Amino acid sequence: MKQLFHRCSQAVKTRYRAFLTHISSDPGRKRFRISGAVSLACLLVFLIERYPIFYALFWAVLLGTMVFLAQEREREILPRLLWLLGPLLSFLGVEYMIGNIEYFPFVCQLSALEIFLNLIWYYMIAGAIHLICRRRRLSAVISAVLFLAIGMAECYFYAFRGRVIFPADIVAVNTALKVVSEYSFWPSLQQWMGILTCAAYVAAVFLLSKKHRWRRPKWFLVLPVTVLCFGYLCIFFLTPFLSWTGFEGKLWTSLWRTRENGVLLNFTINLRYSTVEEPEGYADRILSLTNARKSEKAELSEGQTRPNIIVIMNESLSDLSVLGVETNEPCMPFLNSLTKNTIKGNTYVSVFAGHTANSEFEFLTGNSISFLPVGTVAYQMFAREGDYSLVRQLSDLGYDSVAMHPYDAFGWNRPSVYRYYGFDKMHFIEDFQNVVNVRDYCSDRSNYENLIRTFEDHRAANQDTPLFLFNVTMQNHGDYWPRWDGLKRTVWLTGDLKDDYEGVDMYLSLVRESDEAFKELIEYFQKVEEPTVIVMFGDHQPGLPNEFYEDLFGQHKDTLEAEQAMCMYQIPYVIWANYDIGGKEYGDFSLNYLSTVLVDALGFPKTGYQQFLFEAMQTLPIITRNFYRDAAGLCSADTSVLPQEAQNILSEYAILQYNGIKGRENRYDSFFNLTP
């Protein structure tokens with residue numbers, strides 16, 4: 001051992017003396033001066049730009065060292081080490097951009113197992129690219145740029161949507177690209193650091209690596225590595241590996257904690273669970289569950305009112321006072337003032353800052369997103385011809401139906417889904433007249449003017465047929481960066497956050513604008529003779545800056561417990577009528593129950609599915625992707641802590657919904673639709 005230590009120390013001394021000799025030579029002094037100048041210039045630039053001193057020193061030393069080491073490019077060991085270093089640097093850069101890693105001081109939110117499993121994906125992707133290219137320098141550059149692009153995309157998505165990317169978001173890329181111009185894409189400090197890290201790495205690759213011709217793969221190395229990778233993929237996707245390691249539970253806890261696993265690991269975990277699996281006990285219990293409740297006949301009692309029904313899902317409509325936000329005045333004074341012939345309260349949604357179509361899906365079908373894969377857009381993956389819906393139910397009761405949306409038809413596969421659900425007509429932005437925009441979107445006032453026009457046209461052509469009109473608005477859509485075209489600043493933050501977030505002030509003023517437009521709509525229908533019911537609710541809360549929530553809660557929103565996070569998914573709802581609809585009270589519930597509540601409030605016949613939902617609501621009124629709350633007020637993201645009765649309801653709900661959306665060939669249609 002002593003001899004080994006002596007030899008190692010001698011080797012270090014020899015290397016050190018060689019290094020001193022080298023830098024004292026003319027070429028060495030020249031390279032040392034050049035690298036020093038680069039370091040000093042880099043340091044000055046970063047200090048002038050007011051970057052933290054630690055970041056400035058880090059980049060100065062890195063770039064200077066890179067320039068000095070350029071002399072070593074003729075040695076083969078450095079290019080190989082540089083290639084091996086690439087995926088590790090990319091992992092650190094991506095996780096730094098997304099906020100899982102801090103450098104000064106170094107803090108990592110990921111466990112050792114999460115780091116290891118993430119790195120497996122980084123090295124497998126880089127290895128696959130190298131196998132295709134067969135050029136070390138080219139594959140290193142392609143891998144680095146690819147990982148940077150992934151990190152940038154994740155960072156933007158987290159800023160705009162409050163979560164990282166799921167596999168289902170790739171299916172929705174066309175919808176995302178259409179509204180991409182409304183967002184600010186100026187990189188954050190973390191993104192600039194990621195860009196500079198990638199640029200430095202690419203420069204080092206070109207400086208320290210020789211250009212090689214295409215080489216035949218060394219199969220004695222490639223084959224064993226390929227077999228290992230294939231084996232890992234089989235274990236990851238085809239075995240209970242994620243359950244054994246504890247990641248399955250983390251997947252289903254909450255959408256607001258999607259950064260926890262790391263970017264690539266989180267994405268692949270969600271990919272693993274991107275299909276709906278048959279619930280436990282499905283085959284044995286589905287028949288008894290559907291036979292337990294019989295759908296009522298599609299008829300109304302003599303003299304029963306068949307009102308026109310107008311449902312408005314208002315884009316990003318919410319009351320931020322539930323978060324503890326202080327403002328100069330209320331955002332929705334009119335909605336809050338409604339009491340006569342009014343049923344109102346709060347509903348809880350499964351989405352935050354996006355995925356509007358999932359809220360539509362829950363309302364129109366009574367299904368819950370909580371039983372679908374995380375990140376799923378139900379309209380794109382689980383809607384088919386002939387599906388049951390509130391639209392089809394009202395059609396059986398003699399209603400004509402119209403869907404209206406003041407934006408392009410392409411979004412979320414709406415034209416196909418509206419046809420599947422049974423709408424008679426669809427109106428998109430090209431069908432709207434005299435549109436006045438607030439910022440870049442159709443204002444709620446213009447939207448309601450077109451709604452009224454559609455109502456009047458229907459009344460003139462079909463006096464004896466009531467209308468069901470489903471309207472999705474656009475005015476309050478993000479991003480909320482200061483561009484006040486067509487909008488007055490009427491409501492703003494007060495207290496400690498005053499003047500700190502102009503984008504939040506913009507959102508608050510948009511909500512006030514929506515409230516005033518809704519007032520005008522109600523005033524119009526107060527004068528209409530035909531009985532009319534208007535339902536309005538928001539699809540989700542807005543995507544505001546993460547720093548805003550940190551200042552508001554005193555911690556990052558990803559770290560909130562279920563009870564604290566509930567307020568971020570709380571949305572107001574109102575059911576108003578221009579005639580007496582009784583004084584029923586339903587309290588607060590999740591959005592999947594709202595259409596059933598509407599049917600009950602109007603005294604309409606219920607399907608067997610709605611009877612189940614109405615009974616379930618009495619025991620478990622809130623069921624969302626992120627948390628559950630029973631009638632006693634127990635709130636949790638973990639179903640195992642709920643009372644047994646609530647767990648039984650979830651089990652039955654999952655079985656019934658699976659039959660409705662996945663078991664179409666054997667679906668019990670008589671349970672999901674009214675009896676003829």
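Things to note:
- Rg then Dmax, both in Å and based on the Cα atoms of segment 623-670: 13.1, 39.
- Anisotropy class of segment 437-530 from Cα gyration tensor, a/c 1.5 cut: prolate
- Amide H to amide H distances under 5 Å link Asp539 with Asn314, Ser316, Leu317, where only residues 5 or more positions off or on other chains count and H is placed in the peptide plane.
- Cross-link pairs exceeding 21 Å between alpha carbons, from the set Lys344/Lys519; Lys344/Lys584; Lys340/Lys488: Lys340/Lys488.
- Cα gyration tensor category, rounded, prolate or oblate, for segment 328-485 with a/c compared to 1.5: rounded
- Rounded FRET efficiency, nearest 0.05, which uses the C-beta distance separating Phe206 from Gln644 and R0 of 51 Å: 0.20
- Applying a DSSP loop filter and a limit of 16 other Cβ atoms within 10 Å to the GluC sites (Glu not before Pro) in segment 513-562 leaves Glu529, Glu561.
- For Cys108, neighbours were defined as the other residues whose beta-carbon sits under 11 Å from its Cβ, and their charges (Lys and Arg +1, Asp and Glu -1) total -3.
- Straightening the chain between Val435 and Asp588 buys 51.6 nm, computed as 0.36 nm per residue apart minus the Cα-Cα spacing.
- Portion, in percent, of the accessible area of segment 461-610 that falls on carbon or sulfur, probe 1.4 Å: 42 percent
- Centre separation in Å (Cα based) which lies between segment 105-148 and segment 500-567: 41 Å
- Theoretical FRET efficiency, 1/(1+(r/R0)^6), r = Cβ-Cβ of Tyr232 and Glu302, R0 56 Å, to 0.05: 0.25
- Whether segment 259-414 is rounded, prolate or oblate, judged on the alpha carbon gyration tensor where a/c under 1.5 counts as rounded: oblate
- Between Val225 and Leu146, the FRET efficiency from the beta-carbon distance, with R0 = 22 Å, is close to 0.65.
- Loop-resident sites, segment 548-623, for trypsin sites (Lys or Arg not before Pro), counting at most 16 other Cβ within 10 Å (DSSP): Lys584
- Inter-centroid distance (Cα atoms) of segment 276-306 relative to segment 423-445, Å: 37 Å
- Solvent accessible area, Å² - His458, 1.4 Å probe, full protein context: 20 Å²
- Listed residues Asp485, Asp588, Asp515 arranged by accessible area, highest first, probe 1.4 Å: Asp485, Asp588, Asp515
- Within-12-Å neighbourhood charge of Glu362 [Cβ basis; K, R +1; D, E -1]: -1
- Accessible-area rank, largest first, for Asp496, Asp505: Asp496, Asp505, with all protein chains present and a 1.4 angstrom probe.
- Percentage relative contact order, segment 334-453, counting C-alpha pairs under 8 Å, at least six apart: 19 percent
- Per residue accessible area in Å² of segment 376-507, where ligands, DNA and RNA are left out and the probe is 1.4 Å: 39 Å²
- Between segment 312-328 and segment 465-491, the alpha-carbon center distance in angstrom: 13 Å
- Applying 0.36 nm per residue to the separation of Trp192 and Leu88 and subtracting their alpha-carbon distance, the gain on full extension is 35.6 nm.
- Label-point separation in nm, Arg285 to Glu102, each point 7 Å along Cα→Cβ: 4.5 nm
- Accessible heavy-atom area order of Tyr441, Tyr407, highest first, probe of 1.4 Å: Tyr407, Tyr441
The values are calculated or read from the model by the stated rules, or taken from the named source; none is laboratory data. Small disclaimer: the values here were computed from a predicted structure and weren't measured. FYI the Cβ positions are ideal-geometry reconstructions off the backbone, even for glycines, and counts take in every protein chain you see. For the accessible areas, the whole protein counts, side chains as well, though only heavy atoms, and no ligand, DNA or RNA atoms are used. Shrake-Rupley method; radii C 1.70, N 1.55, O 1.52, S 1.80 Å.
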